[in-house]
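Beneath this line is the structure, given in structure tokens, with notes to follow.
Every number here is computed from the coordinates shown, using simple stated rules; none is lab data. A quick note: this is a predicted structure, and the numbers were derived from the prediction, not measured. Cβ sites come from the backbone with ideal geometry, for glycine too, and all protein chains shown count toward neighbours.
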């Protein structure tokens, strides 16, 4: 690990000032610190957001939930409003990593990192969430742009994510046993605007499965999900699973997610 300076601001304004001066924002540190230990990242200054209390917490906004960027996974999983309004989101948060990761990892950090096998991006895309930053609001459909790539500018700070309440929703993933990331994860949401299906773990980033959405719009049943095939050419393969295997898993996880959403 290379030498660096460490700042711990207590306000969003101070954090932004440091970021604009070149500081690297640090949320939960579950990815950045590991990268620094491996010398894959070498920021000269870290700006720890852990003491910026205004960036954490959950609040209701009509039928939507607004969750602060620095809200820990464990806090999302255990929050009464999340469990009552979007139980699928609480369940997703409760299944991220292990207890240590859930105690330190944050919603904003996961979303900003956009790991191609992360869980939260699937929730944002399927629920048609909005990413709120210090300067604008970005629809989830426009936010995720590929592997570890988002619409964020270099010194832009995620402050919260707004999740509309769906009619029904569920998320299921087939875990890679060592990392607990999704080998394939499928988030299914039935909303007023139609069914949305987001897949993580299979490609260069989270993506919507439009064929699955069309089938489930006609019949929101497990059988409709099973009838949809996924082209392996659109997915990645590695030592943990081939593209063909992942394509099969998409259908299986979608079927189970619909069954879970139906109760």
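Points 7 angstrom from Cα along the Cβ direction at residue 233 and residue 145: gap in nanometres?
For the pair residue 233/residue 145, the computed spacing is 2.7 nm.
Label 7 Å along Cα→Cβ of residue 63; the stretch 93-130 residues with amide nitrogen under 19 Å?
Hits in the stretch 93-130 for residue 63 at 19 Å: 124-130.
If I stretch the segment between residue 41 and residue 8 completely, what's the gain in nm (0.36 nm per residue apart, minus their alpha carbon distance), one decimal?
9.9 nm
log₁₀ I(q)/I(0) of the stretch 1-52 at q = 0.23, 0.26, 0.28, 0.32 Å⁻¹, via Debye over equal Cα point scatterers, no solvent, to two decimals?
Scattering profile of the stretch 1-52, log10 relative to I(0): -0.81, -0.98, -1.08, -1.24.
For each of 260, 60, 173, 99, count neighbouring Cβ atoms within 10 Å of the residue's Cβ, then give the residues from fewest to most.
99, 60, 260, 173
Among 36, 212, which comes first, second and so on when ranked by fewest other beta-carbon atoms within 10 Å? Intermediate results must be reported in sequence, preceding the final value.
On the way: 36 19, 212 26.
Taking fewest neighbouring Cβ atoms as first place, the list is 36, 212.
Hey, if you drop one equal point scatterer on each alpha-carbon of the chain and run the Debye formula without solvent, what base-10 log of I(q)/I(0) do you get at q = 0.16 Å⁻¹?
Taking Cα atoms of the chain as identical point scatterers yields -1.19.
Could you list 2, 171 in order of exposure, starting from the residue whose Cβ has the fewest other Cβ atoms within 10 Å? All intermediate terms of the calculation are to be shown ahead of the outcome.
Details: 2 9, 171 27.
Lowest to highest Cβ neighbour count: 2, 171.
Along each principal axis of its Cα atoms, how long is the stretch 121-244 end to end? Whole angstroms, biggest number first, please.
So the extents along the principal axes, rounded to whole Å, are 43, 38, 24.
Quick one: plug the Kirkwood hydrodynamic radius of the stretch 178-263 (C-alpha pairs) into Stokes-Einstein at 37 °C, 0.692 mPa s, and report D in µm²/s.
Numbers: Rh = 12.9 Å.
The estimated diffusion coefficient comes to 255 µm²/s.
Taking the chain as a Gaussian network, where each spring joins two C-alpha atoms under 10 Å apart, which residue of 40, 124, 49 fluctuates the most?
Maximum fluctuation in the GNM of the chain, among the listed residues, is at 40.
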